[in-house]
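Take a look at the structure below.
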Amino acid sequence: MADWKDTSRNAQRFGSVPRAGGEVAGRYDEGLRKYMLSIYNYMASGVMLTGIIALLMANSAIGQQIMASPLMWLIVLSPLAIVFAMSFGANRFSQGTLQILFWAFAALMGMSMSTIFLVYTGGSIAATFFATAGAFAGLSLFGYTTKKDLSGFGSFLIMGVIGLIIASVINIFLQSAALMWAVSFLGVLIFAGLTAYDTQRLKMQYYHLAGTEFMGKAVILGALSLYLDFINMFQFLLMFMGQRD
């Protein structure tokens, strides 16, 4: 995940209300809603761009040639490089630069994920997408509304992601079907947890970022975090719901 700056440890306890008059509190709530809505809009637009590009590439002759060429490795690895650049270079990059990187990331992810259309049926991909969207909406709503502090789960979930990466690399050599299913099952659970955790984390960040110049950048970085949660949950869930051609 692009956990660029976890401020939840220093934030007020979740569910607390700023000590201000009704008018000030009302402006605060309106600003928070606008902030979160901007994050969701960026995230949803990025997912849409990824899907469109993946579908177009899978159904074009040029796209299929690219998928069969060594260039595909560069396309697959480029999004990871962009995530690291955005995460660690947020303070140095301008908001405009982060926007360009975010859209480039979403486009490259679309090119990278185009191969799923060659493996799974379109109907099963669509069904998995809507199942992921429903699960994401419910989990994000839970993270936004719950009064339970989820910050303690953050380190555990990030360690889980690292474990998934290590297990996936090992399975490249082992080619174990059992390990593949175990990784997929755990992947769904871990990124489901991260969806709720990241939503709460982003909400809590508003306490510290409201009125600062970093707000615009925080929206883009927050969208990247939720985008990664959604896409990873979709890919792991596809292992269970996807029907092969």
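The values are calculated or read from the model by the stated rules, or taken from the named source; none is laboratory data. What you see is a predicted model; the values in this text were computed from it and never measured. Counting neighbours? That spans all protein chains shown, and the Cβs are built from the backbone with ideal geometry, glycine included.
Scanning the range 23-65 for residues that are within 30 Å of Leu209 (Cα to Cα), at pLDDT below 90 and of a type in the set (Gly, Ala, Ser) gives Ala25, Gly26, Gly31.
Selection of the range 55-64 for residues being over 21 Å from the mean Cα position of the chain (by Cα) and either surrounded by 11 or more Cβ atoms within 10 Å (Cβ to Cβ) or small (Gly, Ala, Ser) (or both) yields Leu56, Met57, Ala58, Asn59, Ser60, Ala61, Gly63, Gln64.
Considering the range 150-168, and only residues there that are of a type in the set (Ser, Thr, Tyr) and in contact with a helix residue (DSSP H, G or I) (Cβ under 7 Å, 6 or more places away or on another chain), the residue that is surrounded by the most Cβ atoms within 10 Å (Cβ to Cβ) turns out to be Ser151. Remark: Ala68 falls outside the filter, which requires a residue to be within 30 Å of Thr212 (Cα to Cα), free of Cβ contacts under 8 Å to residues at least 24 places away in the same chain and out of contact with any helix residue (DSSP H, G or I) (no Cβ under 6 Å at 6 or more places or on another chain).
Could you check how many residues of the range 89-111 are loosely packed, with under 12 Cβ neighbours inside 10 Å and either more than 21 Å from Met48 (Cα to Cα) or in contact with a Leu (Cβ under 7 Å, 6 or more places away or on another chain) (or both)? Looking only at that region, the number is 3.
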